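K.L.:
Okay, here's the structure, questions in a sec.
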Amino acid sequence: MAAGYYTPALMKPAPFDYHQARSVAEAVAHLGEYGYEAKILAGGQSLVPAMNFRLARPAVLVDINPLDELDYLEEDGDTLRIGAMVRHVTFERPVTEGPTGRILTMAAQHVGHLPIRIRGTFGGSLAHADPAAEWCVIALLLDAELSTRSPSGSRDIPVAGFFQTVFTTALEPDELLVEARLPKLSPRTRIGFQQFSRRAGDFALTMAAVALESDDGRVGNARIALGGVSDRPLRASEAEQALEGQPATGESFRAAAEVAAREIDAIGDIHGSADYRRDLVRALTRRALEQATAA
Amino acid sequence: MSERTKAEVTLAVNGRSYRVRVEPRRTLADTLRDDCGLTGTHLGCEHGVCGACTILADGQPVRSCLMFAVQCEGMDLRTVEDLADGDRLHPIQEAFWENHGLQCGFCTPGFLMLAAGYLEQNPDPDDDELRAVLSSNLCRCTGYQNILKSVRQAAEVMRG
Amino acid sequence: MIPWIGQPLPRFEDPPLLTGEGRFVADLTRGASFLRFVRSPVAHGRIVAIEAPEQVTAFTAKDLRDVRPIRPLLHRPDFHPIEQPVLASGKVRFVGEPVAVVVAGSPEEAEDAAEQVFVDIEPEDRVISAPEAIRRGAPAVHDHLEGNVVVDARFETERVDEVFSGAAVVVDFDLRNRRQNALPLEARGSIAAYDPRSGRTTLTASVQSPHVVRTVLADLLGMPESDLRVVVPDVGGAFGQKFCLAPEDVVTAWVARRLRTTVSWVEDRRENLISSFHSRDHHYRVRGAFDADARLLAVDADLLCNIGAYSCYPVTCGVEPLMALAEFPGPYDFRTYRVRSRGVTTNTCPMAPYRGVSRPVITLAMERLMDLAAVRFDIEPAEIRRRNLISEFPYASATGLVYDEGSYVESLDRAVEAIGLEDFRDCQAAARSEGRYLGIGFSVFSERTGYGTSAFAARSMDVTPGYETVDLAMDPSGNVEARLGASPHGQGLETTLAQLIGDRLGVEPARVRIVHGDTDRTPYGWGTFASRSLVIAGGAARLASDRLAAKLAAIASAELEAAPEDIVIRAGRATVAGTDAGIEVADLARLAYHSSHRLAAGMDPGLTVTASYDPAGTFSNACHVATVEVDPETGGVRVDRFVVVEDAGRLINPMIVDGQLHGGVTQGIAGALYEEIRYDGEGNILTTSLMDFLPPTLAEVPTIEVHHLETISDATITGAKGLGEGGTIGAPAAIINAVSDALRPLGVEVAEVPATPSRLRRLVSESERIPA
């Protein structure tokens, strides 16, 4: 029997109460009060479509757009501190010197389209945890550390444990993501960023971001982060290990890409099967490594 | 829905102040259209892909279907109704007319506002940049050929 | 600017659309209540119960029991009619079928109300694809129709098997063109207003054919047609999706009458993707027999068209299979032909004609046949086409269609030159040595346009469209008004008709007002579809203008004391040829109304005429050529160049013509590479947003280079041929041939469309020649 209250097509949000936060403390207090019932409204570029479809139905929306205190970029020694409300568009030009600024810029060009980048936020993207979101992959690549606030205080979360599954993070319902700290890449780090999407601006079917340190033509520390292939962004750790100490050649890159394609737990959807995504991982990882070492 | 759940919101649109009572869930696009009577802003998908609802918020092109009216107090909002200067069309409107940059006209307000917001900050874009920006919105009639041509020409005219 | 014909005149339609003053259905809902349809979550099943809480105003089929079902008809023995209740009654047959409607004060509240309607459906076995539906023992979508075949048409010339057995080469292939949505950027919608004073109901609707809607509404609701008015405001694109009757429009009119008020239905994008008409979804098996010189001798085709759960009104679901059957031969000269073409019902969203109807798929099939044969003969794709294209006119095809004069070979030659075929082959070879895969694809096709009643009657349609009527009047001030049943929605017909009429009457096009989209104001007509409006409404406008010009000349001849045949009407004046004697057209107009005593005996006062036009039809033709680069590792395709050589006869407004081609080609690229409606095995639709159904953006569309040939045939009185669909008809074949050409070194031939990256990647992987 298929009985129920069901219409397959809805396009206006369900009712909710709206609170405009005037401070982080106030936002967090609302979260403390409403818990799972509440959702944070940052840029809204992913949340509002889901609400329009009534796939997301928060009873309470806490709007943090007025919080200028979360709209900052600061360089703190070797760390880039990014306030949660920094908009995607900010990264279209390098926000810091060296490879860190460059890879942020490379990724930013693929985040949706201009009007989306104007509203969407760095913190919102991490908290939303779309496995194909550029910032999630970059945060993972750069071993970011995330700071949160809640009524009971604050907490730092290493990005490695942050993304749990699709749209699910380590954030507690009363926790607000306030900052991402990106340890800056050493100036000599080589970077590559490749993605494949059906159309310009679409979420990638797969993306690969790499950061390599190499000396005398040999790969030292290697990092490879992948997006869009699984239920969360991933580091291809076996491939990273396979690459370390190897000569920085096409052959090594090809081998590492093959390891990456095998090690991931790929998922399929209407745009491509798990096998197809593995093919993309193989191609894009190799290309990102070649891109990193080409210049 | 009882009146109690509605919020009173003052919106600054096209240099005019609109005082409206809306539910928090009413999107900015619906508010502009249904509460302010500014139906030039169109809804083609209501999930942020097509861009027909693009308007300028504080001078920047945004999707008005992905914002709520209650968020927009204090913003300077601009819609297609304000693009022309009285009877004198904006150079972007002129260029669309002259170059057949529209057919059914449904996507047109979104493209005009996207282009207006972009060109005001980037007066001299090259073709690759224009292609990238104009790929933000969907058009089903023109194959984009004359939209690109129109915006290219408008940029030239606006640079003077 | 005289003559106006041929000028790239900026459109009269544009200023309001540029300034936010366009008026689309959703802009006109002020004061109306809002409807929301509750739709079936089940592909096939028996409705057990539909219940709404007391505070919700809801209606179901039980309330609408006096409304007749939609019953599209063909009068032919191979057609089995099926019926569609406007709200599901007893059974549901596709996910998204409307089962109830609710009424509320705002769109948001209407959705809240819809969510409170409890629907209980007992699921039954379902069929989703056409091959599955014709399998023995498949569940019947309609109880009386075992086997699910709604139309089963056959055609066979003599000696088919004999020709095949004697052929030098037989090419044999399958082709699958998946399902698309026409996707006008404005979805469907209507507002029904009941006027208690007059008892009339006005339906303001985003449709292509206002008079047809009025007639069928009257039929289904059982009311006099004179109590109905259908108004079409600005329409945000249609492409066929708004030509066939939307059951929701009938319900909207019914609710307005029931509640004696004004109600509106504004379809949203998700509803549009789920339950507005879909299109394509064909499975073909094709064989072609060639002689040793690569001349096509015969074609044998089995065509299966998935028509969805119901047949569309008025054209019926026969439109796809019957057009495919009749027009499959396209621009190629062969005399031996066997075809079976079936329309099969399934538990999926109903289909309706979409820009090009069957022709994007049959053109793809013929053009694949040519390319596959060229490979077998090891000759250039352009060469095999040259050997087989029709070149003498009129040409009667194997199915008896008569092609008027065209430029099939010339268009191909021009395209070869424009694309630079030889240089491309050099680049392609160089790229292949670097591991890059470039390809080129040709598509030569005929586009039958301006279908008159004789063309539609050949399909034995119960409702036989075809003619168009124009009421033309010059008022006493010398301004002109033309009222037509055609119903343009973005094509610029207000401008092109004003150019046509203006030339004939010697007035500036700006003084010619075109009135359409209001059944109270316009003569009965068929609307705008099938690349017909400029040909047929334009033809009627031309005939009416001739009549009006003749009357003006007659009046002028009396005033100027000259023979009527010596009067020349031009630039606002009627003059006696070869003299300075003349009179302003505006003065003639004033005279016709205000000094009618001066008119010749027997001449009616005023300046109003009516003319109808019903041509047999005409064939446009074109050659498209695309170059692409395919990335075999990702399956990604980039279209590098796209060249169109189009022959649509006389061009009235070349700028508008190019716009139609640009848009048409882009929709063809969309169909070839991007857009696909997907169902799972249960009949759930998986592509319900524009993040899953993927219309291309500017980034995916190359510069489209357009070249024109102008063959003026006598098939139409204006010399113009239709071209609204041509871009969409030709582009998929050019793209798919180019992709196949690129990947041929890897042993890949594309047989499934759209050629998505994952499909292409799978073909490359499965091929034995996987790149290292």
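K.L.:
Which log10 I(q)/I(0) values does the protein assembly as shown give at q = 0.05, 0.07, 0.10 Å⁻¹ under the Debye formula, counting every alpha carbon as one identical point scatterer?
P.N.:
Result of the Debye calculation: -0.36, -0.71, -1.45.
K.L.:
Would any residue of the range A:58-90 have its amide N under 18 Å from a label point 7 Å out along Cα→Cβ of B:ASP58? List them or say none.
P.N.:
A:63-74, A:83-90
K.L.:
Place a label point 7 angstrom from the Cα of A:GLU172 along the Cα-to-Cβ direction, then list the residues of the range A:125-155 whose backbone nitrogen is under 17 Å away.
P.N.:
Zone members listed by number: A:146-155.
K.L.:
Taking every pair of alpha-carbon atoms in the range B:91-159, give the share separated by more than 18 Å as a whole percent.
P.N.:
Within the range B:91-159, distances greater than 18 Å cover 23 percent of Cα pairs.
K.L.:
Give me the base-10 log of I(q)/I(0) for the range A:18-107 at each q in 0.25 Å⁻¹, Debye formula, one uniform scatterer per Cα, rounded to two decimals.
P.N.:
-1.16
K.L.:
Just tell me how shielded A:13-23 is by partners: mean number of partner chain Cβ atoms within 10 Å of each residue's Cβ, no decimals. Could you put the intermediate results ahead of the total?
P.N.:
Working: counts 8, 5, 8, 5, 4, 8, 2, 3, 0, 0, 0.
Mean number of neighbouring Cβ atoms from other chains: 4.
K.L.:
Roughly how many debye, to the nearest 20, is the charge dipole of the protein assembly as shown about its Cα centre, given +1 on each Lys and Arg Cβ, -1 on each Asp and Glu Cβ, and no other charges?
P.N.:
With only Lys, Arg, Asp and Glu charged at Cβ, the dipole is about 1700 debye.
K.L.:
Taking the simple approach of a point 7 Å from Cα along Cα-to-Cβ for both C:ARG285 and C:ASP413, what is their distance in nm?
P.N.:
Here the modelled spin labels are 4.1 nm apart.
K.L.:
Next up: Chain A: D in µm²/s via Stokes-Einstein (Kirkwood Rh, Cα pairs, 10 °C, 1.306 mPa s)?
P.N.:
So the translational diffusion coefficient is about 80 µm²/s.
K.L.:
Taking only the Cα atoms of the range C:569-726, how large is their convex hull per residue, in Å³?
P.N.:
Details: hull volume 40.6 nm³, N = 158.
Per-residue hull volume (Cα only) is 257 Å³.
K.L.:
Using 7 Å Cα-to-Cβ label points, what is the C:GLU122/C:TYR524 separation (nm, one decimal)?
P.N.:
About 4.6 nm, to one decimal.
K.L.:
What does the range B:1-71 give for Rg and for Dmax, in Å, if only its C-alpha atoms count?
P.N.:
Considering the range B:1-71 through its Cα atoms, Rg and Dmax are 11.8, 35 Å.
K.L.:
If you don't mind, there's one more thing I want to ask. Dividing the alpha-carbon Rg of the range C:112-158 by 2.2 N^0.38 Å yields what? Show your work: numbers first, answer last.
P.N.:
Numbers: Rg = 17.4 Å, N = 47, 2.2 N^0.38 = 9.5 Å.
In units of the globular-protein estimate, the range C:112-158 measures up at 1.83.
K.L.:
Using 1/(1 + (r/R0)^6) with R0 = 22 angstrom and r between the beta carbons of C:GLU158 and C:THR399, what's the FRET efficiency to the nearest 0.05?
P.N.:
0.95
K.L.:
May I pose another question? With only Lys, Arg, Asp and Glu charged, each at its Cβ (+1 for the first two, -1 for the last two), find how big the charge dipole of the range B:3-82 is about the Cα centre; round to the nearest 20 debye.
P.N.:
140 debye
K.L.:
Okay, next question. May I have the extent of the alpha carbons of the range A:1-151 along their three principal axes, as whole Å values ordered from largest to smallest?
P.N.:
Answer, in whole Å and largest first: 59, 33, 26 Å.
K.L.:
How many Cβ atoms of partner chains, on average, are near each residue of A:197-205 if near means within 10 Å of its Cβ? Present the calculation step by step, with values, prior to reporting the outcome.
P.N.:
Details: counts 3, 11, 13, 9, 6, 5, 1, 0, 5.
What the average comes to for A:197-205 is 6.
K.L.:
Can you tell me the relative contact order of chain C? Whole percent, Cα pairs under 8 Å, sequence separation 6 or more. Please list the in-between numbers first.
P.N.:
Numbers: 1954 pairs, mean separation 120.7, N = 772.
For chain C, the relative contact order is 16 percent.
K.L.:
Hey, if you put +1 on the Cβ of every Lys and Arg and -1 on every Asp and Glu Cβ in the range A:109-189, which of A:GLY124, A:GLY153, A:GLN164 ends up farthest toward the positive end of that dipole?
P.N.:
It is A:GLY124.
K.L.:
Once R0 is set to 41 Å, what does the formula 1/(1 + (r/R0)^6) return for the Cβ-Cβ distance between C:TYR593 and B:ASP85, expressed as a FRET efficiency to the nearest 0.05?
P.N.:
Using R0 = 41 Å, I get an efficiency of 0.50.
K.L.:
A further question on this structure: So, how do all the Cα-to-Cα distances of chain C break down into 10 Å bins, in percent, from 0 on up?
P.N.:
3, 14, 23, 24, 19, 11, 5, 1, 0, 0
K.L.:
Which cysteines does chain C leave without a neighbouring Cys Cβ under 4.7 Å?
P.N.:
C:CYS305, C:CYS317, C:CYS349, C:CYS427, C:CYS623
K.L.:
Among C:ALA205, C:SER740, C:VAL375, which residue has its Cα positioned farthest towards the positive end of the charge dipole of the protein assembly as shown, with +1 placed on the Cβ of Lys and Arg, -1 on the Cβ of Asp and Glu, and the dipole taken about the Cα centre?
P.N.:
Comparing the listed Cα positions along the dipole, C:ALA205 ranks first.
K.L.:
Here's a follow-up. Taking the simple approach of a point 7 Å from Cα along Cα-to-Cβ for both B:ALA12 and C:ASP302, what is their distance in nm?
P.N.:
Between B:ALA12 and C:ASP302, the label points sit 7.0 nm apart.
K.L.:
Please report, largest first and rounded to whole Å, the three semi-axes of the ellipsoid equivalent to the range A:17-63, where each semi-axis is the square root of five times an eigenvalue of the C-alpha gyration tensor.
P.N.:
19, 12, 7
K.L.:
On each of the three principal axes of the Cα atoms of the range C:23-136, give max minus min coordinate, whole Å, ordered largest first.
P.N.:
50, 35, 27
K.L.:
Counting Lys and Arg as +1 and Asp and Glu as -1, each charge on the Cβ, what is the dipole of the range A:190-293 about the Cα centre in debye, to the nearest 20?
P.N.:
Values: 14 positive and 16 negative charges, 66 e Å.
The dipole magnitude comes to about 320 debye.
K.L.:
Taking the convex hull of the alpha carbon atoms in the range A:68-183, what volume per residue do you get, in Å³? Don't skip to the answer; put the middle values down first.
P.N.:
Working: hull volume 11.4 nm³, N = 116.
Hull volume normalised by residue count: 99 Å³.
K.L.:
For the range C:217-275 and the range A:106-127, compute the distance between their C-alpha centroids and round to whole Å.
P.N.:
For the range C:217-275 versus the range A:106-127, the Cα centre distance is 40 Å.
K.L.:
Now, a different point. Could you tell me what percent of the DSSP beta bridges with both partners in chain C are antiparallel, to the nearest 5?
P.N.:
Taking every DSSP beta bridge within chain C, about 80 percent pair in antiparallel fashion.
K.L.:
Percent of alpha carbon pairs in the range B:2-160 separated by more than 23 Å?
P.N.:
35 percent
K.L.:
Cα-Cα pairs above 27 Å in the range A:152-295: how many percent?
P.N.:
The proportion of pairs with Cα distances above 27 Å equals 27 percent.
K.L.:
So, by mean Cβ neighbours within 10 angstrom, what's the order for B:135-147, C:17-29, A:166-178 with the highest one leading?
P.N.:
Sorting B:135-147, C:17-29, A:166-178 by mean packing, highest first, produces B:135-147, C:17-29, A:166-178.
K.L.:
Take the alpha carbon atoms of the range A:246-264, find their center, do the same for the range A:150-190, and report the distance between the two centers in whole angstrom.
P.N.:
Between the Cα centre of the range A:246-264 and that of the range A:150-190, the gap is 29 Å.
K.L.:
Using a Förster distance of 41 Å, how high is the FRET efficiency between A:ASP215 and C:ARG376, based on the Cβ-Cβ distance and rounded to 0.05?
P.N.:
0.15
K.L.:
From the residues B:CYS45, A:ALA9, C:THR697, which one has its Cα farthest along the dipole of the protein assembly as shown in the positive direction, the dipole being from +1 and -1 charges on Cβ of Lys/Arg and Asp/Glu about the Cα centre?
P.N.:
A:ALA9
No value in this document is a laboratory result; all are computed from the given coordinates. Source: prediction; values computed, not measured. Note: ideal-geometry Cβ built from the backbone for every residue, glycine included; neighbour counts use all protein chains shown.
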